Amino acid sequence: MGDTKQKILEVSLDLFSQKGFSAVSIRDICAQVKIKESSVYYHFKNKQAIFDELIYRFEQVATEMMAQLEQAFAEQPCLIEKPFYQIVCDTFFESYLMDDFCNKIMRLLLIEQFGNSEVQKIYDRWMFTEPLEFQSKMFYTLMKIGIIPHTDSAYLAVKYYAPIHFFAQRWLFSGTLSEEQKNAFRKAAYQHIEKFFVEIEVA
């Protein structure tokens, strides 16, 4: 039974992330999973319950991702050291933006935010609020220990993150996610990060 439930979730997410929640029916999901509609209703009350379960699982993953970033920074606060860069980027880029499950959820949220205010809040939290708050805290700490000059940490967070979000929209959230798109994103994002720290005159 567990395998069937997981398959329903996986197929639903595939369809939702491609077409949007409203455009997908229970019948569409059943056709892909190759089960009867009654089998879906054994596991989920309705289509909304499938959506809610997907979002719940995503928020668990996203919360854990932010905790990993916080831990990595607490253990190695000197951001200019390449190993730390790798930890941050592996976590946020590889295990979040380019993770198959998270990427599909964010595509789904991107589609649905325009017609659902609650979804818009979830999208805003995990694409903007949480990353910017972490980055602002990160820059504030780097200022305190003398790694970067004192300035507005919230402004630095936006300056740092805005191109990364732009690159993600260009390569990670448009069309089918491929290794070619991932590599294009990695190249642009890492180049930006290197130039960013040169421009702010890292000590």
Expected max-MSF residue from Gln68, Gln48, Gln18 in the GNM of the chain (alpha carbon, under 10 Å) is Gln48
Find the accessible area per residue for the chain; the probe is 1.4 Å, ligands and nucleic acids are left out, and the unit is Å².
53
Output the pairs from Lys34/Lys121; Lys144/Lys195; Lys34/Lys187; Lys104/Lys159; Lys137/Lys182; Lys5/Lys137 with a Cα-Cα distance over 29 Å in this structure; if there are none, say none.
Lys34/Lys121; Lys34/Lys187; Lys5/Lys137
Taking a point 7 angstrom from the Cα of Gln18 along the C-beta vector, which residues in region 32-60 have backbone N less than 13 Å away?
32-33
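Taking 0.36 nm per intervening residue step and subtracting the Cα-Cα distance, what contour gain separates Gln6 from Glu118 on full extension? Walk me through the numbers before you get to the answer.
Numbers: separation 112, 0.36 × 112 = 40.32 nm, distance 2.46 nm.
Stretched out fully, the Gln6 to Glu118 stretch lengthens by 37.9 nm.
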Coil-residue trypsin sites (Lys or Arg not before Pro) of region 98-128, DSSP, other Cβ within 10 Å capped at 11
none
Can you tell me the length gained on complete extension of the stretch Ala162 to Asp28, counting 0.36 nm per residue apart and subtracting the Cα distance?
44.5 nm
On average over all directions, what projected area in square nanometres does the chain have, based on the convex hull of its Cα atoms?
12.1
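Counting only GluC sites (Glu not before Pro) that sit in a DSSP loop (anything but H, G, I, E, B) with at most 13 other Cβ atoms within 10 Å, what is the longest stretch of the chain containing none of them? Intermediate results must be reported in sequence, preceding the final value.
Details: sites that count: Glu81, Glu201.
It works out to 82-200.
Can you give me the relative contact order of the chain as a percent, contacts being Cα pairs under 8 Å and 6 or more apart? All intermediate terms of the calculation are to be shown ahead of the outcome.
Numbers: 163 pairs, mean separation 35.7, N = 203.
Once divided by the residue count of the chain, the mean separation gives 18 percent.
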I want to check the label-to-label distance for Ser178 and Lys195. Put each point 7 Å from Cα in the C-beta direction and report it in nm to one decimal.
2.5
Rounded to 0.05, the calculated FRET efficiency for the beta carbons of Tyr41 and Arg125 at R₀ = 25 Å is 0.20
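Report, to the nearest whole %, how much of the accessible area of the chain belongs to carbon and sulfur atoms, 1.4 Å probe, protein only.
Values: 5620 of 10750 Å².
Looking at the chain in its full context, I get 52 percent from C and S.
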Round to the nearest 10 and report in Å² the accessible area of Thr141, as given by a 1.4 Å probe over the protein chains' heavy atoms.
40
Debye, to nearest 20: dipole size of the chain, +1 on Lys, Arg Cβ, -1 on Asp, Glu Cβ:
560
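Per the Kirkwood formula on distinct C-alpha pairs, the Rh of region 109-183 is how many angstrom?
14.1
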Computed E for Arg170/Ala74 - FRET, C-beta separation, R0 45 angstrom, nearest 0.05
0.90
Which number comes out as Rg/Rh for region 1-46 once both Rg and the Kirkwood Rh are worked out on C-alpha atoms?
0.93
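Would you kindly state how much longer the chain becomes between Glu94 and Ala67 on full extension, computed as 0.36 nm times their sequence separation minus their alpha carbon distance, in nm to one decimal?
Values: separation 27, 0.36 × 27 = 9.72 nm, distance 1.54 nm.
Length difference between fully extended and current span is 8.2 nm.
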Expected field for Asp52, accessible surface area in Å² at 1.4 Å probe radius, rounded to 10, holds 80
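The values are calculated or read from the model by the stated rules, or taken from the named source; none is laboratory data. What you see is a predicted model; the values in this text were computed from it and never measured. Note that each Cβ is placed from the backbone with ideal geometry, even for glycine, and that neighbours are counted across all protein chains shown. The area values use the complete protein model at the heavy-atom level, side chains included, leaving out ligands, DNA and RNA. Shrake-Rupley method; radii C 1.70, N 1.55, O 1.52, S 1.80 Å.
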